[in-house]
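All remarks here apply to the structure that follows.
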Amino acid sequence: MDNEKDFEVVNDETFSLQYVFQYVRENFIGLLLLLLAFYIIYFVDYISRINALMFAMPSPIPGVQPATNNISAPKINKPKRSKK
């Protein structure tokens, strides 16, 4: 089969540390942006945890309770009807 020759990969280069350094030099900005993305995700998660801790605490002022949704309608005084 002639198709097997098309898919055959020939690599005469041996793996060495020099090629790793060359790859890092050529792709420094991309690798830096990848690391920056992980740092941003970690930092935002840290801020979210602080925010959750702050709003989970009870009120520091004693006697002050959070407002409830039980809103009562004001009472309207009806005028008295006089008998004739």
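We did not get these values from a lab; they are worked out from the coordinates using the rules stated. The shown structure was predicted, so the numbers you read here are calculated from the model rather than taken from an experiment. FYI the Cβ positions are ideal-geometry reconstructions off the backbone, even for glycines, and counts take in every protein chain you see.
List of remarks:
- Additional length obtainable on full extension of the chain from Arg49 to Leu36, 0.36 nm per residue less Cα span: 2.7 nm
- Spin-label model distance (nm) - Arg25 vs Asn77, 7 Å beyond Cα toward Cβ: 9.3
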